[in-house]
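Novice: Please find one structure pasted underneath; my questions will follow.
Bear in mind that the values in this text are calculations on the coordinates, not laboratory data. In this text, all values refer to a predicted model and were calculated from it rather than measured experimentally. Virtual Cβ from ideal backbone geometry, glycine too; neighbours counted across all protein chains shown.
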Amino acid sequence: MQVSEFRLHVLRGMYIFIAVGLGLVIWPEILLPADTQANAHTVVSSLLGALGLLCLLGLRYPLKMLPLLIFELVWKLIWVLAFALPMSLDTGLDAYAKDTLFACAIGIMLVPLVMPWGYVMNTFLKAKAEPWRRG
């Protein structure tokens, strides 16, 4: 299945949006950490830093890097449904959760709009699986 040149440019725009956003927010924390203790925050920063760097590859290979956008959509949906929604219904969202929900909402709205769903279906769901063994 062919993906239009326009869609490829839109995908590249999404990759650069993610890379720049994470570059501005996450990479300063990675390069100049306020705390040198290992904790959940440093793990999240490392994962998001890696996501931002890998999104730069999406500029060159927008279709090959689609699993990154799928990951971006899925983790945000999981966080909103499993954590933000119950918290909102129980005690309400604190400042951190509100900020995170806003960031997640942007991804949840934009990623499905830019995703070439026909290509995703044909490539990742309908295509013949790679063999487990050679021979």
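Novice: Give me the percent relative contact order of the range 5-126, please, defined on Cα pairs under 8 angstrom at least 6 residues apart.
Specialist: 31 percent
Novice: I've got another one for you. Leaving out same-chain residues fewer than 8 places away, which lysines sit with a Cα under 23 Å from that of Lys98?
Specialist: Cα-Cα hits under 23 Å: Lys76.
Novice: Most mobile of Leu113, Leu11, Leu59 per a Gaussian network model of the chain (Cα springs, under 10 Å)?
Specialist: Leu113
Novice: If each Cα of the chain is one equal point scatterer, what is log10 of I(q)/I(0) from the Debye formula at q = 0.12, 0.13, 0.18, 0.20 Å⁻¹?
Specialist: Taking Cα atoms of the chain as identical point scatterers yields -0.58, -0.67, -1.08, -1.21.
Novice: Further question on the same structure: What trypsin sites (Lys or Arg not before Pro) does the range 7-88 have in DSSP loop regions with at most 12 other beta carbons within 10 Å?
Specialist: Those satisfying the criteria are Lys64.
Novice: In addition: Using a Gaussian network model on the chain with a 10 Å cutoff between Cα atoms, which of Leu47, Leu77, Leu31 fluctuates the most?
Specialist: Taking springs between Cα atoms under 10 Å, the residue moving most is Leu31.
Novice: Rank Ala84, Ala103, Ala34 by mean-square fluctuation in a GNM of the chain with C-alpha springs under 10 angstrom and give only the top-ranked residue.
Specialist: Taking springs between Cα atoms under 10 Å, the residue moving most is Ala34.
Novice: As a check on your grasp of the helix formula, calculate [θ] at 222 nm for the chain: sum -39500 (n - 2.57) over DSSP H runs of n ≥ 4, divide by the residue count, round to the nearest 500. It would help to have the intermediate numbers written out before the result.
Specialist: On the way: 7 runs with 91 residues, N = 135.
Mean residue ellipticity, 222 nm, calculated: -21500 deg cm²/dmol.
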